[in-house]
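Asks: Below you'll find the structure I mean.
Here, each number is a calculation from the coordinates, and none is a lab measurement. Computed from a predicted structure; not experimentally measured. All Cβ positions, even for glycine, are placed from backbone atoms using ideal geometry, and neighbour counts span all protein chains on display.
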Amino acid sequence: MRARLPVAALLSAIAIALQGVMAMAPLQNIYVLSQDDGILSVIDTTSDEIAAKIAIPGKPAAFTIDAKSRKAFATLPDDGEIAVVDLDRRAVLSTLKVGGQPFGISSDTAGRLFVGDWSANRISVIDEKTGATEATLIVGRAPAHLVATRDGSRLFVADRESNNVAVIDTKKLKILAEIPVGRAPFALALSPGGKYLAVANVQTANLSIVDTTSLRIVSTPATGAMPYGVAVTHDNSEILVSNQHGGTVSILDARTYAPHAQIKVGRYPEGVAVLNDGRKAYVANWFSNTVSVLDLAGNVEIKKIKCPSGPRMVLAGPVEH
Amino acid sequence: MAIKLRPLLVISAVLSFSGAAWAHGPTPQKVDEKITISAAPADVWKVVKDFGSIGSWHPWVTKIKVEGTGSETTRTLTLKSGGTLIDSLDAVDDKAMEIDYRLQNEDLKALPVSSYSDAITVQPAAGGGSDVEWISRLYRFDTGNEPPADQNDEAAVKASTEYIKAGLAGLKAKVEGK
């Protein structure tokens with residue numbers, strides 16, 4: 001009996017440790033949105049194969065995932081609509097009629113959607129359940145991608161034609177700052193703790209790193225030509241940038257901004273996403289109709305997955321229930 | 001502002017398909033053209049990598065002005081139509097034999113596009129000689145939701161394909177000395 005106790009204790013310790021590991025890095029799927037074919041593909045990140053293809057009527061440009069409601073929301077700029085996708089049923093549930101030319105989209109944990117209208121230079125706050133517009137705000141010209149903090153209190157918008165990033169207080173519905181960045185900012189990534197924002201400037205081939213407290217630019221590291229996608233690893237150690245010209249992904253140290261590696265991927269890479277466990281990243285190669293799987297330990301491309309035509313955006317999200 | 005439930009989704013799909021013939025959204029378009037040239041890749045690359053050489057091999061180009069150096073290089077092309085294209089150089093990769101550049105202006109008289117970013121690559125051809133591939137990512141001239149027929153996606157892809165094909169044929173003729 002005395003000998004058994006330590007074994008039982010050890011077993012329960014192992015069980016707790018295992019739970020801890022699983023809680024730290026739950027399994028994630030990768031979701032890839034193909035604009036030309038109108039398909040949201042689900043990639044199983046264990047096999048790195050497409051497990052499902054969800055048809056979205058129209059040409060979806062961008063999407064966001066609300067991990068809480070387990071839904072994806074894809075903008076349809078041609079139709080002035082947002083498609084609502086149930087990630088468990090893997091089907092489109094409904095479309096929200098928002099009008100205009102919705103492009104960039106982000107969500108918060110309170111069930112709100114933030115949607116940019118590319119040609120009307122407007123941001124709308126939308127209730128994801130009812131589709132009702134709660135508020136609108138005029139920003140700079142051609143709002144491209146936008147990103148909200150987890151609690152939705154702050155929203156950052158890349159105004160592509162105005163060459164700035166708008167910082168919005170979503171409670172007061174006020175623009176706090178319009179920060180001049182490089183030419184043609186398009187993609188944004190907020191660091192996991194929200195301390196800084198990485199802005200990819202397409203025409204100046206660099207990033208603007210914005211301190212989200214002081215709202216000042218702390219660094220402008222160089223990228224490859226035409227950076228179109230950006231992501232920060234979950235542990236805040238690296239920044240990944242896709243370079244459309246040359247077809248590469250640059251990996252920068254998130255503290256020094258020094259380049260660690262440049263990995264050749266497919267043609268005209270755009271969206272990039274990293275799994276929370278930090279082991280792999282996924283890049284949408286728009287021209288090649290593939291998704292590159294990158295091993296971040298060795299900084300090498302380990303696979304190209306064929307996908308529907310026109311992949312532009314990838315996100316890591318929950319596995320289906 | 002209203003939610004459409006499932007039965008209505010079918011109707012919405014039908015409506016958007018009927019509209020598709022005249023109203024595409026701001027979706028980037030692809031052009032991908034290739035030609036095989038009877039010359040060593042290094043000889044073809046020598047011509048292609050010279051950003052200002054297009055004036056000597058593209059049959060549509062009547063005048064060219066190159067300004068700046070390095071990543072600040074631009075070229076202003078005057079076309080037979082009287083239209084102007086201003087390209088800015090992004091990258092020249094000797095190892096990959098790839099040159100990348102993008103459009104800086106909009107001129108409906110030149111091409112019905114609002115922007116393009118192009119890449120030309122030279123590779124050894126399977127049967128000897130060189131394969132030259134010219135790819136383009138472009139947006140139509142009118143990126144609003146109801147562009148006129150001469151400014152929609154089809155018009156942009158058609159005109160760009162013709163421009164690129166004529167360029168590749170001209171490059172082949174120049175390098176092959178015909």
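Asks: Starting from the amide H of A:Asn289, placed 1.01 Å from N in the peptide plane, find each other amide H under 5 Å away whose residue is 5 or more places distant or on another chain.
Replies: Close amide H contacts, sequence-distant or interchain: A:Gly310.
Asks: Computed from the mean reciprocal separation of all distinct C-alpha pairs, what Kirkwood hydrodynamic radius does the range B:108-178 have, in Å?
Replies: Value: 13.6 Å, from the Cα pair sum.
Asks: Between A:Val115, A:Val199, A:Val167, find the one with the highest GNM mean-square fluctuation for chain A; connect C-alpha pairs within less than 10 Å.
Replies: In this elastic network of chain A, the residue with the biggest mean-square fluctuation among A:Val115, A:Val199, A:Val167 is A:Val167.
Asks: Taking only Cα atoms and a 10 Å spring cutoff, compute GNM fluctuations for chain B and point out the largest among B:Ala156, B:Ala96, B:Ala125.
Replies: Checking each option, the largest mean-square fluctuation is seen for B:Ala96.
Asks: Using the reciprocal of the averaged 1/r over all distinct C-alpha pairs, how large is the Kirkwood radius of the range A:29-318 in Å?
Replies: Averaging 1/r across every pair of different Cα atoms and inverting gives 18.4 Å.
Asks: For the range A:100-110, just list the computed ³J(HN,Hα) in residue order, Karplus coefficients 6.51, -1.76 and 1.60, θ = phi - 60°, integers in Hz, with x standing in for Gly and Pro.
Replies: x, 10, x, 10, x, 8, 9, 9, 10, 7, 9
Asks: Would you kindly derive the ³J(HN,Hα) couplings of the range A:284-290 from the backbone phi angles with the Karplus curve 6.51 cos²θ - 1.76 cosθ + 1.60 (θ = phi - 60°), listing them in order in whole Hz, with x for Gly and Pro?
Replies: 7, 9, 4, 6, 7, 6, 9
Asks: Would you mind checking which residues have amide H under 5 Å from A:Ala91's amide H? H placed 1.01 Å from N; only 5 or more apart, or other chain.
Replies: Those lying under 5 Å, H to H, from A:Ala91 are A:Asp86.
Asks: What residues of the range B:120-154 lie in the reach of a label at B:Lys49, counting those whose backbone N is under 18 Å from a point 7 Å from the Cα along Cα→Cβ?
Replies: Inside the label zone: B:120-125, B:130-134.
Asks: Could you line up B:Lys30, B:Lys65 from fewest to most neighbouring Cβ atoms inside 10 Å?
Replies: On the way: B:Lys30 18, B:Lys65 13.
Listing B:Lys30, B:Lys65 from fewest to most nearby Cβ atoms yields B:Lys65, B:Lys30.
Asks: In whole Hz, what ³J(HN,Hα) sequence does the range B:62-74 give by Karplus (6.51, -1.76, 1.60; θ = phi - 60°), x for Gly and Pro?
Replies: Whole-Hz 3J(HN,Hα) from phi for the range B:62-74: 9, 8, 9, 10, 9, 10, x, 9, x, 6, 9, 6, 10.
Asks: Let me ask something additional. In terms of Cα to Cα distance under 27 Å, which lysines are near enough to B:Lys172, apart from those fewer than 8 places away along the same chain?
Replies: B:Lys30, B:Lys34, B:Lys46, B:Lys49, B:Lys63, B:Lys65, B:Lys80, B:Lys95, B:Lys109, B:Lys158
Asks: Now, a different point. In whole Å and largest first, what semi-axes does the C-alpha gyration tensor of the range A:11-160 yield when each eigenvalue is scaled by 5 and square-rooted?
Replies: Gyration-tensor ellipsoid for the range A:11-160: 30, 19, 13 Å.
Asks: A follow-up question, please. May I ask for the angle, rounded to the nearest 10°, between helix A:4-24 and the longest principal axis of chain A, with both axes built from Cα atoms and the value confined to 0 to 90°?
Replies: Relative to chain A, helix A:4-24 is tipped by roughly 10 degrees.
Asks: Can you check how the C-alpha radius of gyration of the protein assembly as shown compares to 2.2 N^0.38 Å, as a plain ratio?
Replies: 1.02
Asks: Give the long-range amide H neighbours of A:Ala261: residues separated by 5 or more places, or on another chain, with amide H under 5 Å away, using H modelled in the peptide plane at 1.01 Å from N.
Replies: The answer is A:Ile251.
Asks: Okay, moving on. Could you let me know the centre-to-centre spacing of the range A:104-163 and the range B:143-160, using Cα atoms, in angstrom?
Replies: Taking the Cα centre of the range B:143-160 as reference, the centre of the range A:104-163 is 28 Å away.
Asks: Could you tell me what % of all Cα pairs in the range A:207-321 have separations over 23 Å?
Replies: That fraction is 26 percent.
Asks: Cα centroid distance between the range B:84-101 and the range A:236-310, in Å?
Replies: 22
Asks: Take the Cα atoms of the range A:149-244, build their convex hull, and give its volume per residue in Å³.
Replies: 83
Asks: OK, next. Under 1.5 on a/c is rounded, so check that first for the range A:70-155, then, if it is not, pick prolate when a/b is larger than b/c and oblate when it is not; a ≥ b ≥ c are the square roots of the alpha carbon gyration tensor eigenvalues.
Replies: Oblate.
Asks: P(r) for the range A:31-74: what percent of alpha-carbon pairs falls in each 10 Å bin, starting at zero?
Replies: The percentages, shortest bin first, are 28, 52, 19, 0.
Asks: First measure r as the distance between the Cβ atoms of B:Thr161 and A:Ala91, then evaluate 1/(1 + (r/R0)^6) with R0 = 51 Å and state the FRET efficiency to the nearest 0.05.
Replies: 0.85
Asks: If I take every Cα pair under 8 Å that is 6 or more residues apart in chain B, average their sequence separation and divide by the length, what percent do I get for the relative contact order? Kindly include the intermediate steps, with their values, before the conclusion.
Replies: Numbers: 355 pairs, mean separation 49.2, N = 178.
Dividing the mean separation by the residue count of chain B yields 28 percent.
Asks: Further, regarding this structure: Please compute the alpha carbon radius of gyration of the range B:27-176, then divide it by the globular-protein estimate 2.2 N^0.38 Å. Two decimals is fine.
Replies: After normalising by residue count via 2.2 N^0.38 Å, the value is 1.02.
Asks: Given a 10 angstrom Cα cut-off, can you work out which residue in B:Ile35, B:Ile164, B:Ile135 is the most mobile in a GNM of chain B?
Replies: With Cα springs under 10 Å in chain B, the top fluctuation among B:Ile35, B:Ile164, B:Ile135 is at B:Ile35.
Asks: Tilt of helix B:6-19 relative to the longest C-alpha principal axis of chain B, in degrees (0 to 90, nearest 10)?
Replies: Here the helix axis deviates by roughly 50 degrees.
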